[in-house]
Amino acid sequence: ASGDGQIQLSKTVSYMRTSSLPHPNLALAGHKAPVLCMAWNKDGTLLATGDQSGVVLVWNVSNATGGHVVNVHELRGHRSGVLFLF
């Protein structure tokens, strides 16, 4: 995660889950504030990311096209930054 709201996933984090992605590197763009946390679902197909402004984005990484992922859900309403997801 970086301060510009972009998240870069590389094969170096693949040991943390068991799914196999169609692309070893994924680019997730959508946050407008720094990303503070992220969590995978059980089968490794969905990724939730939370940012400093209180927005949570859910990404379907199993449908990545050319390494780019589009968020499938946007959850707003948190009063402050999202520090933890599980």
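Bear in mind that the values in this text are calculations on the coordinates, not laboratory data. Given the structure is predicted, the values throughout are model-derived calculations rather than measurements. Ideal geometry is used to build each Cβ from the backbone, glycine not excepted, and the neighbour counts take in all protein chains shown.
What the table shows:
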quantity: Extension reserve of the N63-N41 stretch, reckoned as 0.36 nm per residue once the Cα distance is removed; calculated: 6.5 nm
quantity: Mean Cβ neighbour count within 10 Å, used as a protection proxy, ranking 78-85, 27-34 highest first; calculated: 27-34, 78-85
